[in-house]
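One structure is given here, and the rest of the page talks about it.
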Amino acid sequence: MSPEIIGAVGLIVMIMLVCLRVPVALAMLGAGLIGFGAVTSPGGSLQMLKDIPTDVLAKYDFSAIPLFILMGVFAAHSGMAGKLFDATRTIFGGVRGSLGIAGIGSSGIFASISGSSLATASTMTRVALPEMEKHGYNPGFACGVLAAGGTLGIMIPPSIALLVYAILTEQSVGDMFIAGFLPGLLGMVMYSITVMIMVRWKPHLAQPGEKTSWKEKLFSLTGLIPFSFIFIIIITGIFFGLFTPTEGAAVGAFASWLYAVFKGMRLKGLKQSLTETLALSAVVFFMLLGAEALGLFINVSRIASSLAEWIGALQVSPLVVLIGILIMYFLLGLFMDALAMLVITIPVVFPIILALGYDPVWFGIIAVLTVELGLITPPMGMNIFVIKAMAPHIKLSDMFKGVTPFIVSDVIRLVVLVAFPSISLVLLS
């Protein structure tokens with residue numbers, strides 16, 4: 001049996017294991033180890049099993065992941081999110097759909113130091129959903145707003161998804177963060193426009209917010225200071241080369257901890273935050289171990305390079321191939337977690353993208369955006385299920401109905417970013 005056939009069989013088996021609800025990390029690790037041994041030798045699998053944990057866990061770049069997670073956990077436990085939502089609600093006071101716009105804006109800003117879509121969605125739902133329901137918002141639409149706002153965490157830097165993509169493809173983490181800024185900001189604007197369109201088209205979805213004076217709006221800006229301070233430190237430091245992304249994550253985590261202590265966090269809160277960070281980090285690193293094993297298997301099986309050669313021989317334009325890859329990401333997103341999709345597919349897809357001559361940083365942005373769609377599309381829709389767990393009184397069908405306009409908005413944004421790559425790359429020039 002040729003290495004390519006072994007590679008194809010290994011990928012099919014891995015997908016079947018995932019469909020059978022085997023944890024994604026374990027499915028990748030098992031397929032990688034057994035497949036590598038089938039292509040090389042059983043001794044090769046044992047050697048890989050010995051080397052992979054050291055290679056992954058000792059890699060300096062990966063140390064930024066738990067630090068970014070810790071930064072977001074401190075922000076969530078310090079009351080930052082509540083002050084953030086109050087500030088954005090006051091700023092947009094009097095505008096129809098103002099609470100929805102505030103939910104989008106506060107989610108985007110919170111995502112800038114959280115780095116996680118699920119953490120953003122759960123935190124902002126806890127803060128904003130009760131207020132939106134109290135002010136007469138349609139429950140399904142309110143959940144759709146917060147689910148969509150949560151997806152901004154996968155794009156706005158610092159993003160764990162962009163960090164993982166950069167490491168898997170050996171791109172600059174700083175370049176990925178900077179390239180994600182404008183597409184993330186574009187997402188915030190388009191989501192806000194979507195809210196305004198929906199509440200005018202269907203007035204029963206939301207009530208006008210309480211009017212606020214210009215003095216109140218200006219005073220409310222103080223609620224944005226903690227987030228703005230941390231975000232500016234991280235992005236400015238990385239952009240000007242003052243520190244690495246890992247050092248930036250450490251600085252941000254320390255700043256978030258100082259704020260949390262200032263707001264009353266004590267030893268019990270610190271232990272809770274560290275425990276939560278360790279649990280989330282363990283999940284991410286276990287997935288990276290599986291991705292490393294799968295990547296080595298795909299490499300020795302030559303399935304990725306053979307696939308790239310086959311696609312290159314097709315009489316189709318590179319754009320058609322790109323659209324096919326993005327459709328594949330969208331379909332996978334219906335069933336799989338966003339980070340799992342990246343670590344499984346990038347070893348296969350990335351050589352094809354390079355062979356087609358596309359910019360790897362730009363592709364990372366549109367790939368992550370397409371993956372982001374999976375967080376709010378049925379049947380997986382991880383953000384929707386996170387919100388459902390926190391709001392069991394709202395029907396799941398109503399939530400998916402409420403998020404549909406934002407899916408349309410994301411598809412439009414994806415088309416714009418594909419048509420105009422300079423939006424992602426202009427800040428790098």
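The values are calculated or read from the model by the stated rules, or taken from the named source; none is laboratory data. All values reported here derive from a predicted model rather than from experimental measurement. All Cβ positions, glycine included, derive from the backbone under ideal geometry; neighbour counts span all protein chains shown. Note: areas computed on protein heavy atoms with side chains; ligands, DNA, RNA excluded. Shrake-Rupley method; radii C 1.70, N 1.55, O 1.52, S 1.80 Å.
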For the chain, what is the charge dipole size about the Cα centre, in debye to the nearest 20, if Lys and Arg each add +1 at the Cβ and Asp and Glu each add -1 at the Cβ? 1440
Give me the one-decimal nm value for the distance between modelled label points at Lys271 and Leu20, 7 Å along each residue's Cα-to-Cβ direction. 4.1
Would you be so kind as to identify which of Val348, Leu118, Tyr329 lies farthest towards the positive end of the dipole of the chain, taking Lys and Arg as +1 and Asp and Glu as -1 on Cβ and the Cα centre as origin? Leu118
For region 1-151, what relative contact order do you get, as a whole percent, if you take Cα pairs closer than 8 Å and at least 6 residues apart? 17
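Scan the chain and report its longest stretch carrying no GluC sites (Glu not before Pro) that are both in a DSSP loop and have at most 15 other Cβ atoms within 10 Å. The partial results should precede the final answer.
Details: sites that count: Glu170, Glu210.
Counting only loop sites that pass the neighbour cut-off, the longest clear stretch is 211-429.
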Over the chain, with a Gaussian network built from C-alpha contacts below 10 Å, which listed residue (Gly184, Gly357, Gly103) shows the highest mean-square fluctuation? Gly357
Give, in whole angstrom and from largest to smallest, the semi-axes √(5λ) of the equivalent ellipsoid of region 98-187, with λ running over the eigenvalues of the Cα gyration tensor. 28, 11, 9
Carbon and sulfur %, accessible surface of the chain computed with the full protein complex present, 1.4 Å: 72
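Computed over the Cα atoms of region 145-231, what is the convex hull's projected area averaged over all directions, in nm²?
Spelled out: convex hull of the Cα atoms, projected over all directions, averaged, 7.4 nm².
How many percent of Cα pairs in region 336-427 exceed 17 Å?
58
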Magnitude of the charge dipole, region 83-191, Cβ model with Lys/Arg +1 and Asp/Glu -1, debye to 20: 340
If you stretched the chain out fully between Met1 and Ser422, how much longer would it get, using 0.36 nm times the residue separation minus the C-alpha to C-alpha distance? 147.0 nm
Which sequence of Leu57, Leu396 reflects their accessible areas, 1.4 Å probe, from the largest down? Leu57, Leu396
Expected output is a single nm value to one decimal: the length gained when fully extending between Lys263 and Glu131, i.e. 0.36 nm times separation in residues minus the C-alpha distance. What is it? 45.3 nm
Judged on accessible area alone, 1.4 Å probe, highest first, Ile353, Ile235 line up as Ile235, Ile353
What's the extension gain from Ala389 to Val408 if we count 0.36 nm per residue and subtract their Cα-Cα distance? 4.4 nm
Choose one of Val316, Ala260, Leu296: the residue whose Cα lies farthest towards the positive end of the charge dipole of region 243-322 (beta-carbon charges +1 Lys, Arg; -1 Asp, Glu; about the Cα centre). Ala260
Please arrange Leu29, Leu274, Leu417 by accessible surface area, largest first, computed with a 1.4 Å probe and ligands excluded. Leu274, Leu29, Leu417
Charge dipole (debye, nearest 20) of region 1-134; +1 at Cβ of Lys and Arg, -1 at Cβ of Asp and Glu: 420
To the nearest µm²/s, what D does Stokes-Einstein give for the chain at 10 °C and 1.306 mPa s, using the Kirkwood radius over alpha carbon pairs as Rh? 71
Give the calculated FRET efficiency between Trp310 and Phe239 to the nearest 0.05, with a Förster radius of 41 Å applied to their Cβ-Cβ distance. 0.55
Heavy-atom accessible area per residue, the chain, 1.4 Å probe: how many Å²? 43
Distance cut-off 31 Å, Cα to Cα: go down the list Lys59/Lys263; Lys263/Lys388; Lys263/Lys401; Lys83/Lys202 and report the pairs above it. Lys59/Lys263; Lys263/Lys401
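At a Förster radius of 22 Å, what calculated FRET efficiency corresponds to the Cβ-Cβ distance of Ser429 and Ala355, to the nearest 0.05?
The computed FRET efficiency comes out at 0.35.
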Please compute P(r) over all alpha-carbon pairs of region 386-428, binned at 10 Å starting from zero, and give each bin as a whole-number percent. 24, 30, 22, 20, 4
Nitroxide proxy distance, nm - points 7 Å out along Cα→Cβ at Leu218 and Asp55: 5.9
Give the share of C-alpha pairs in each 10 angstrom bin for region 40-139, from 0 to the last occupied bin, in whole percents, shortest bins first. 14, 34, 20, 13, 11, 7, 2
